[in-house]
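Values quoted throughout were computed directly from the atomic coordinates according to the rules given, and no laboratory measurement underlies them. Being a predicted model, the structure only gives us computed values, none of them experimental. Glycine gets a Cβ as well: all are built from the backbone with ideal geometry, and neighbour counts include every protein chain shown.
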Amino acid sequence: MVVAAVVAVTVSACGSHQAAAIRPADQTLKQCHQQWADVARSVKGLDQDTNPSALASRWTTVLATIDYYETSTTATGCQANISSQVAAITTLREFSAKLRPYDMVYQLAQVAATVDSYQAAPLPKPVRMGKKKGKGKLVHPPTKAAVQAALVTLQADAATADAALAPAWSEMASVELTNATAVSSALQDLDFVAQDSADWKRCEAALQVIVAAQHALAGETGTSGSLPDGTPTTTPSSTPTASPTASPTGPATPSSSPSGSPTG
């Protein structure tokens with residue numbers, strides 16, 4: 001006779017009760033759920049980011065997919081599904097990072113501290129641009145007044161600049177990230193819309209003044225090593241060169257998910 005489940009019987013002074021022993025399959029499912037919980041923690045709150053470059057709607061779908069698996073009653077294909085979703089998350093993060101230079105509300109938040117530091121510190125000395133020390137064009141740091149004026153411009157126009165890019169943001173939220181051609185085309189569309197917006201170009205010019213101040217503060221004029229994450233070091237080109245590859249990523253539910261499960 002084959003027993004489907006092992007039952008352990010424990011006896012106490014008050015009587016006896018039966019406690020079902022944990023089956024290997026149950027343990028595997030528990031471990032799978034724990035791993036999905038770890039994945040969920042890694043993206044917690046990203047669906048609440050209101051910056052357009054954050055692509056919150058995509059993260060909402062990612063979180064729905066994770067929740068589906070985190071509460072699934074089967075561990076079949078667990079590791080493959082987790083690997084697929086983690087790869088999708090990585091690609092979505094990388095894609096969002098490519099959009100940051102166009103997001104002026106995001107940029108404003110990134111550079112505000114730089115302006116405070118620049119105003120509080122002595123004006124940096126001019127630096128000669130050139131490979132040989134002491135030679136090359138003498139580059140003067142922006143004046144404190146110019147940096148403050150740049151911040152005021154960003155504060156006044158950043159939201160309007162982002163709003164002007166609304167059609168492009170919508171495209172970024174739906175483009176298929178596994179299609180390199182589509183991604184490249186979408187990024188070019190974003191740049192085209194940005195360059196066609198007076199508000200955006202005004203913000204971008206102001207941002208470059210603050211970027212120059214950041215370089216000067218760091219003693220690294222002409223380099224980008226100390227810039228805040230996502231800060232453009234030059235005006236975005238009309239032909240983005242950093243589009244994602246066609247690797248199988250993107251916030252889509254793995255192909256092995258059951259019918260009716262959330263998709264990304």
(message) Need one number: convex hull volume per residue for the stretch 154-205, Cα atoms only, in Å³.
(response) 68 Å³
(request) First measure r as the distance between the Cβ atoms of Ala121 and Gln79, then evaluate 1/(1 + (r/R0)^6) with R0 = 41 Å and state the FRET efficiency to the nearest 0.05. (result) 0.20
(message) Can you give me the long-range amide H partners of Val139? Hydrogens built in the peptide plane at 1.01 Å from N, cutoff under 5 Å, separation of 5 or more residues or another chain.
(response) Val127, Arg128, Met129
(request) State which entries of Lys98/Lys125; Lys137/Lys201; Lys98/Lys201 exceed 29 angstrom in Cα-Cα distance in the structure shown. (result) Lys98/Lys125
